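Peer 1: Once you've had a glance at the structure underneath, I'll fire off some questions.
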Amino acid sequence: MELPPYASLGEKIWHYTYLVLCGLIFFFLIAPILTIIPLSFNAENFFTFTPGMLALDPDAYSLKHYRDFFTNSQWQDAMWNSIKIAPVATLISVGLGTLAAVGLSQSHVPFRRAIMAILISPMIVPLIISAAGMYFFYSRLGMQGTYWGVVLAHAALGIPFVIITVTATLVGFDRSLTRASANLGAGPVRTFFKVQMPLILPGVISGGLFAFITSFDEVVVVLFVGSAGQKTLPWQMFIGLREQISPTILAVATILVTISILLLTGVELLRRRSEKMRGMSPG
């Protein structure tokens, strides 16, 4: 955002003050991440910068923690558990969340606001409460400590993200397109997949990416609902901090940060594409 040439002195002062405040907030949010990344290359088994690292000595840096992650069976088992759980939970979240968003977008649905509030409640309720509730619920069903118990629990956490992103996409959807499709003889299912889905697809994919990140990074619910057989990567990191104090956590954290940045970049590209399809100017 640039200042117009006719801006007053007060407007200029506020403009630059605003930029400085935004910079400080950004630094406050990003500083912990910027600290972890170089520490993951520490040649020693420390969680702090060594004198050699501060002096930029090449011998003070190493890939040993990354090698430990890719060769240690505990870390690899945890990674594969996360890979097996997160995509399935994401597919369930996308399917149910998209259907819920499309249904709630219809004006004739009664109590839409109340239903929406209930469906997105996992985002609002403290996670520890949701986890405890899931534990007692799945225990009664005999699913506590099972693969599908963890998958369904993660899907429940991801559905609100899908509902919100798809609902936001449907705000600019032209309803006359579905009416035209119906007038041409297409049924509701064919209309959805041929007309509606291509236009809301960026929102669906964005919600799926958020659901995937939520499932892949979640640790509290899996501690309650899962068992040792479903030990995920965040769970292994938690154990590494509480019991083993393993510096490999820093390497894993760096990998997860990189994955999150790539996924969020994809979300931003999809958001811009969605706005262009709706005739808006991307911000």
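The values are calculated or read from the model by the stated rules, or taken from the named source; none is laboratory data. In this text, all values refer to a predicted model and were calculated from it rather than measured experimentally. Note that we place each Cβ from the backbone using ideal geometry, even for glycine, and neighbour counts take in every protein chain shown.
Peer 1: Show me the helices (runs of 4 or more DSSP H) found entirely inside the stretch 73-125 where at least 1 residues are in the same structural domain as A155 (by TED's automatic domain parsing), more than 20 Å from the chain's Cα centre (by Cα) and modelled with pLDDT of 85 or more.
Peer 2: Helices (runs of 4 or more DSSP H) meeting the threshold: 73-104, 112-119.
Peer 1: Limited to the stretch 210-244, what total is found for residues that are among the β-branched types (V, I, T) and touching a residue at least 60 places away in the same chain (Cβ under 8 Å)?
Peer 2: Residues flagged as among the β-branched types (V, I, T) and touching a residue at least 60 places away in the same chain (Cβ under 8 Å) within the stretch 210-244 amount to 6.
Peer 1: Kindly evaluate G158 against the criterion of being assigned to a loop (DSSP other than H, G, I, E, B) and out of contact with any strand residue (DSSP E or B) (no Cβ under 6 Å at 6 or more places or on another chain).
Peer 2: Answer is no for this residue.
Peer 1: Tell me, which residue of the stretch 39-53 that is in a loop (DSSP other than H, G, I, E, B), more than 27 Å from the chain's Cα centre (by Cα) and not aliphatic (A, V, I, L, M) is surrounded by the most Cβ atoms within 10 Å (Cβ to Cβ)?
Peer 2: By that ranking, first place goes to T50.
Peer 1: Same structure again: Checking the structure you have, find out if any residue of the stretch 199-208 is surrounded by 20 or more Cβ atoms within 10 Å (Cβ to Cβ) and either among the polar types (S, T, N, Q) or touching a Cys at 6+ places or on another chain (Cβ under 6 Å) (or both).
Peer 2: Looking through the stretch 199-208, at least one residue is surrounded by 20 or more Cβ atoms within 10 Å (Cβ to Cβ) and either among the polar types (S, T, N, Q) or touching a Cys at 6+ places or on another chain (Cβ under 6 Å) (or both).
Peer 1: Which residue out of L3, L21, L56 is in a helix (DSSP H, G or I), of a type outside the set (D, E, K, R) and exposed (fewer than 14 other Cβ atoms within 10 Å of the Cβ)?
Peer 2: Details: L3 fails: in a helix (DSSP H, G or I); L56 fails: in a helix (DSSP H, G or I).
Sole residue among the options that is in a helix (DSSP H, G or I), of a type outside the set (D, E, K, R) and exposed (fewer than 14 other Cβ atoms within 10 Å of the Cβ): L21.
Peer 1: Okay, next question. Can you pull out every residue in the stretch 248-260 that is crowded, with 19+ Cβ neighbours inside 10 Å and either among the polar types (S, T, N, Q) or in contact (Cβ under 8 Å) with a residue 60 or more places away in the chain (or both)?
Peer 2: T248, L250, A251, V252, T254
Peer 1: Just to verify a result, which residue in the stretch 233-267, among those that are under 15 Å from N42 (Cβ atoms) and of a type in the set (V, I, T), is modelled with the lowest pLDDT?
Peer 2: Looking at residues that are under 15 Å from N42 (Cβ atoms) and of a type in the set (V, I, T), I get I245.
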